[in-house]
There are 2 protein chains.
Amino acid sequence: MTTLDEKFSALAADNAPGQEVRQDTGDLDAQMKGGLFNGVPVDFSHGDVDAFPPTPGSAEAWNAGFAAGGRQAYTEYRGAAAIREGLAARLGTFTGCPVSAEHELIITPGTQGALFLALGATVTTGTKVAVVEPDYFANRKLVAFFGGEVVPIALSWLGARGENGPDLARLEAAFKDGTEVLVFSTPNNPTGLVYSPEDIAAIARLASRHGVTVIVDQLYSRLLYDGERYTHLRADENAPENLITIMGPSKTESLSGFRLGTAFGSAKLIERMERLQAIVSLRAAGYNQAALDTWFNEPDGWMAARIADHQAIRDDLIGVFRGAGLATAVPQAGSYVFPALPPLDVSPEVFVRLLRRQAGVTVTPGSEFAPATRASIRLNFSQDHAAAVAAAKRIVEMVARYKS
Amino acid sequence: MTTLDEKFSALAADNAPGQEVRQDTGDLDAQMKGGLFNGVPVDFSHGDVDAFPPTPGSAEAWNAGFAAGGRQAYTEYRGAAAIREGLAARLGTFTGCPVSAEHELIITPGTQGALFLALGATVTTGTKVAVVEPDYFANRKLVAFFGGEVVPIALSWLGARGENGPDLARLEAAFKDGTEVLVFSTPNNPTGLVYSPEDIAAIARLASRHGVTVIVDQLYSRLLYDGERYTHLRADENAPENLITIMGPSKTESLSGFRLGTAFGSAKLIERMERLQAIVSLRAAGYNQAALDTWFNEPDGWMAARIADHQAIRDDLIGVFRGAGLATAVPQAGSYVFPALPPLDVSPEVFVRLLRRQAGVTVTPGSEFAPATRASIRLNFSQDHAAAVAAAKRIVEMVARYKS
């Protein structure tokens, strides 16, 4: 049986985005080559909501919620009914399949909250859960926390178009072998790969055939670049009976400081998630929920401009990394880029800490996403454009300095 | 092994405060005696933040947090360092024992969030946990959710002064028998009993002697009535090594719509709680955290007036219930009153639903707090004074109508 010490040692968060400030950097100097860099520090561990501010009207919506008083402070655990009504309609339209506001939608404290509730509602001691590698680092941790067993499914993302995607043969074998849950993100975090229509159709078919519950994290599905196509699993004709889709306004819409997310899908699972929410944190903060009225409701042209701005940064960063010979996939959606590092004189973990100390650049080490991607780094490029490009050039110079 | 269906059936939240709106009331009419009552509906399942509005300056603090941008949106998981600094000093002063802002304090999404993290950090499969009965309904549910075993400890609250409190002999026996964690609230939810200095000292001594971790929920400790004395376990000279104190501004200060709470105590446990927070919901909403600067920082006289207002309502409600012969303890702190119902022609559960349907009065059934208090009802009397008294009179009339 897992002891509490073991359980929490598996939850180490020292390299998690935003936690770097708690690291002890006392031993780094001995390994440092060359001096410090000048330049604006950039924290690529998360998006910069000063460079890309929250949706217009979101603060006003919060204040209106506050002014509404008690009825906004104390909502149902699954969120205010009136807000769910509008949201369900808009999410149904976006994903191409209707959502019942009454039974199939829950508002959560961020998409992290949604993911926690979804896995808590489907994973218990011994549950086998297919987890894509690489994928969002919390997925593996959540499965372990609830006592489940991670069944890794490899993802390719550095190949040519049409060659990328999850290992479907492995997935089918896992399903045949008693795997009960699949969790994955599309666009994939950290690579920016959007699952192809064929892969989504195959996942739907396989999950239905084997009675597997699917949790699909579509957090970044709105930030879709020119010429790309997004496929919603829930709109597939073979979508599995037990399916939860997760989205939220923390990223593209920069509402992270509000801690708002949603999960929608099978009524039975949403009901379980609400029961769990009741003992986890009751509800997403009541006044904050009011800001969801701005979501999928942005001013005309706002989202298009935000996508174009991100695409321009993406293209410049890809140019910098590929120009230096770092294997880097072009993200199809979202604001993550995941360059691979060459062999270095220091470990990838130390390099990431040196980057922060020496070059003022914070990135998330690839080891957070899969054991096999230890030598990659993830950047959230939702940043000031010029500062991001300058910081990417410092990364390239640092790689040159430490290359074996 | 517990299946997910069993696990979630134990988490049923249909009678939880705020969830009554989801109940099916179709079968009630057949059991109804007499007609409907007139009068302003009162929802005693939680406080009314319109009658007792949020701390002055809390909305302004939120707006300043929003304006601060990224640094306020993305705090450490345990909360913004600058906010923790001020808070730690004020909580240390209030509880009579210093708190380290760096290592011993975490900001959470409400005190519910703090309780979840505290039990998640200390309870795993098979952990024996002493749970007071009656006490806050989530305590038992959380222990069960994490796979622990509830060891019930009876509380007396209807006796004379000096006779009330937890069954210390039972507690000691439980500690000797391998119980590793004790969780309780003081003032007790739902009865309003404040643990005596002697009982707190005994709990400290017993927990230390047997190496038991203590989680003490002091949510309502500021709303202390005339002539009452509050004892902080953490300031006891024998306080156990592993001790977490939980407080938050959701109740007395009416900041429930912000979802803010705190836990403070043993650094090792706070560290575990932060790791868990990282996968549960990342952090309390960043902008909302800013409102904590108003906490223990209210305008002069504000808290005294709030206490006096609640004391006046308390005294009137006690008069109404005792006048009708319902055994009711006078709460020493907090805004809960917990009258006992006489034998009725309908079950207590049906009576609670009839109260809502027929008299416009929402209360929380005693079965939520302990199996043995099924025939009591809990009222949160942080309400409009006149409306609360009128609603209490309707409860008394309803009791007369349904009395066996």
In the set A:L224, A:L219, the lone residue that is in contact with a Gly (Cβ under 9 Å, 6 or more places away or on another chain), farther than 16 Å from A:R170 by Cβ, among the aliphatic types (A, V, I, L, M) and surrounded by fewer than 24 Cβ atoms within 10 Å (Cβ to Cβ) is A:L224
Checklist entry - Somewhere in the range A:147-155, is a residue surrounded by fewer than 19 Cβ atoms within 10 Å (Cβ to Cβ), farther than 22 Å from A:A10 by Cβ and under 22 Å from the mean Cα position of the chain (by Cα)? => result no
For the range A:215-229, pairs from a residue that is under 14 Å from A:Y195 (Cβ atoms) to a residue that is among the basic types (K, R) and open to solvent by 20 Å² or more (accessible area, probe 1.4 Å), with Cβ under 7 Å and 6 or more apart or across chains, are A:L219/A:K251; A:Y220/A:K251
Per the filter on the range A:104-160, residues within 14 Å of another protein chain (Cβ to nearest Cβ), aromatic (F, W, Y) and in contact (Cβ under 8 Å) with a residue 60 or more places away in the chain are A:F116, A:Y136, A:F137, A:F145
Across the range B:359-393, the tally of residues that are more than 15 Å from the chain's Cα centre (by Cα) and surrounded by fewer than 21 Cβ atoms within 10 Å (Cβ to Cβ) stands at 13
Selection from the range A:25-50 of residues surrounded by 14 or more Cβ atoms within 10 Å (Cβ to Cβ), more than 14 Å from every other protein chain (Cβ to nearest Cβ) and not in a loop (DSSP other than H, G, I, E, B) yields A:Q31
So for the range A:295-302 (the condition being more than 21 Å from the chain's Cα centre (by Cα), part of a helix (DSSP H, G or I) and either closer than 27 Å to A:I244 by Cβ or facing chain B (nearest Cβ under 9 Å) (or both)), does at least one residue qualify?
no
Residue count, the range B:123-143, condition over 18 Å from the mean Cα position of the chain (by Cα), open to solvent by 10 Å² or more (accessible area, probe 1.4 Å) and within 21 Å of A:Q277 (Cα to Cα), comes to 2
Would you confirm, using the coordinates I've provided, whether B:V337 is under 28 Å from B:K33 (Cα atoms), out of contact with any helix residue (DSSP H, G or I) (no Cβ under 6 Å at 6 or more places or on another chain) and crowded, with 16+ Cβ neighbours inside 10 Å? no
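Determine whether B:A333 is more than 11 Å from chain A (Cβ to nearest Cβ), hydrophobic (A, V, I, L, M, F, W, C) and within 19 Å of the chain's Cα centre (by Cα).
yes
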hydroxyl-bearing (S, T, Y), within 26 Å of A:Y336 (Cα to Cα), at pLDDT 95 or above and outside the structural domain of A:A329 (by TED's automatic domain parsing) - does that describe any residue in the range A:120-137?
yes
Selection from the range B:312-321 of residues surrounded by 14 or more Cβ atoms within 10 Å (Cβ to Cβ) and more than 20 Å from B:A372 (Cβ to Cβ) yields B:I313, B:R314, B:D316, B:L317, B:I318, B:V320
Does B:R22 meet the test of being free of Cβ contacts under 8 Å to residues at least 24 places away in the same chain, in the same structural domain as B:I307 (by TED's automatic domain parsing) and open to solvent by 40 Å² or more (accessible area, probe 1.4 Å)? yes
Okay, helices (runs of 4 or more DSSP H) sitting entirely in the range B:186-293 with 3 or more residues that are within 14 Å of chain A (Cβ to nearest Cβ) and touching a strand residue (DSSP E or B) at 6+ places or on another chain (Cβ under 9 Å), I get B:267-280
Of those in the range A:52-65 that are out of contact with any Pro (no Cβ under 8 Å at 6 or more places or on another chain) and open to solvent by 40 Å² or more (accessible area, probe 1.4 Å), the residue farthest from B:A73 (Cα to Cα) is A:A64
Considering the range A:160-171, residues that are assigned to a loop (DSSP other than H, G, I, E, B) and touching a strand residue (DSSP E or B) at 6+ places or on another chain (Cβ under 9 Å), and then whichever is surrounded by the fewest Cβ atoms within 10 Å (Cβ to Cβ), we arrive at A:E163
Given (1) farther than 16 Å from A:A284 by Cβ; (2) more than 8 Å from every other protein chain (Cβ to nearest Cβ); (3) crowded, with 22+ Cβ neighbours inside 10 Å, A:G96 misses just (3)
The lone condition A:Q277 fails out of (1) out of contact with any helix residue (DSSP H, G or I) (no Cβ under 9 Å at 6 or more places or on another chain); (2) open to solvent by less than 30 Å² (accessible area, probe 1.4 Å) is (1)
Taking the range A:66-82 and keeping only residues that are more than 8 Å from chain B (Cβ to nearest Cβ) and open to solvent by less than 10 Å² (accessible area, probe 1.4 Å), one is left with A:R78, A:G79
Counted residues in the range A:365-394 being over 18 Å from A:V330 (Cα atoms) and of a type in the set (V, I, T) come to 0
Within the range A:290-306, residues surrounded by fewer than 18 Cβ atoms within 10 Å (Cβ to Cβ) and in contact (Cβ under 8 Å) with a residue 60 or more places away in the chain come out as A:N297, A:P299, A:W302, A:M303
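The values are calculated or read from the model by the stated rules, or taken from the named source; none is laboratory data. All figures in this text were calculated on a predicted structure; none of them were measured in a lab. Counting neighbours? That spans all protein chains shown, and the Cβs are built from the backbone with ideal geometry, glycine included. The accessibility values were calculated without ligands, DNA or RNA, using every heavy atom of the protein model including side chains. Shrake-Rupley method; radii C 1.70, N 1.55, O 1.52, S 1.80 Å.
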